[in-house]
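Have a look at the structure below before the remarks.
Read the figures in this text as sums done on the coordinates, not as results from a lab. These numbers were taken from a predicted model, which means no experiment stands behind them. Cβ atoms come from the backbone with ideal geometry, glycine included; neighbour counts cover every protein chain shown.
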Amino acid sequence: MEAAVRESKLQLVRRHIREFPDFPKKGIMFRDICPIMKDAAALSAVIDLFEDHVRTNHQQVDLIVGLDARGFLFGPLLAQRLAVGFVLVRKRGKLPGATVAVAYDLEYGTAEAEIQEDAVAAGQKVLLIDDLLATGGTLLAAIRLMRKQQAEVLGCLVVIELQELRGADKLKPQTVFSLTQY
């Protein structure tokens with residue numbers, strides 16, 4: 001994709017990210033992706049940009065792995081474009097059958113993320129996708145799940161990265177491709 005087209009698509013995406021100050025609590029600037037989902041051109045721009053990045057930087061991908069819940073919005077669309085499968089990483093207790101889980105830290109406690117035991121095979125090349133990278137806890141849990149399954153994590157894709165929270169540092173050596181940074 002040529003630079004001018006890429007920049008035009010990025011501008012469209014940025015225009016569709018809505019800000020809500022003091023949500024969910026005072027001092028937090030919430031970045032809302034709902035307007036992207038509502039606008040066909042903005043949603044297509046997100047997937048176009050992700051697809052271009054993947055085709056340029058990752059010649060072979062076996063699966064797109066989406067994180068609960070907003071990774072489920074973008075992941076299947078990207079997987080379809082790339083003609084690969086899509087796998088869900090869910091909060092514990094949401095998937096039927098045998099699962100594999102890892103615990104991770106939240107701001108005030110812990111949680112668990114899980115996948116179905118047969119969702120990812122050893123050696124498969126995967127990309128993780130979510131809407132937002134903040135502190136990196138959820139993506140790190142997903143990386144740990146993939147390693148537990150002996151999959152090769154190629155990188156992480158997010159629409160929004162909150163750089164001041166330094167989540168990408170927590171994920172190293174994994175790379176993070178973010179469409180927008182705040």
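Observations, loosely collected:
- Value at 222 nm in deg cm²/dmol, rounded to 500, when DSSP H runs of n ≥ 4 in the chain each add -39,500 (n - 2.57): -11000 deg cm²/dmol
- Gaussian network model of the chain, springs between alpha carbon atoms under 10 Å - residue of Ala79, Ala121, Ala42 with greatest fluctuation: Ala121
- Counting 0.36 nm for each residue step from Phe23 to Ala40 and taking away their Cα separation leaves a gain of 3.5 nm.
- Those GluC sites (Glu not before Pro) in the range 64-141 that DSSP places in a loop and that have at most 14 other beta carbons within 10 Å: Glu107, Glu117
- For Lys94 and Glu164, a Förster radius of 41 Å and the Cβ-Cβ distance give a FRET efficiency of 0.85, rounded to the nearest 0.05.
- Fluctuation leader among Ile36, Ile143, Ile129 - the chain, Gaussian network, Cα springs under 10 angstrom: Ile36
- When DSSP beta bridges are restricted to pairs lying wholly in the chain, around 40% turn out antiparallel.
- Separation of the range 133-182 and the range 50-68, taken as the distance between their Cα centroids, equals 13 angstrom.
- The orientation-averaged shadow of the Cα convex hull for the range 3-181, equal to a quarter of the hull surface, comes to 10.4 nm².
- Percent RCO, i.e. relative contact order, over the chain, from Cα pairs under 8 Å lying at least 6 residues apart: 16 percent
- Label point 7 Å beyond Cα of Leu106 along Cβ direction - residues of the range 2-28 with amide nitrogen under 17 Å: 24-25
- Cross-link pairs beyond the 28 Å C-alpha cut-off, checked among Lys125/Lys170; Lys25/Lys125; Lys26/Lys94: Lys25/Lys125; Lys26/Lys94
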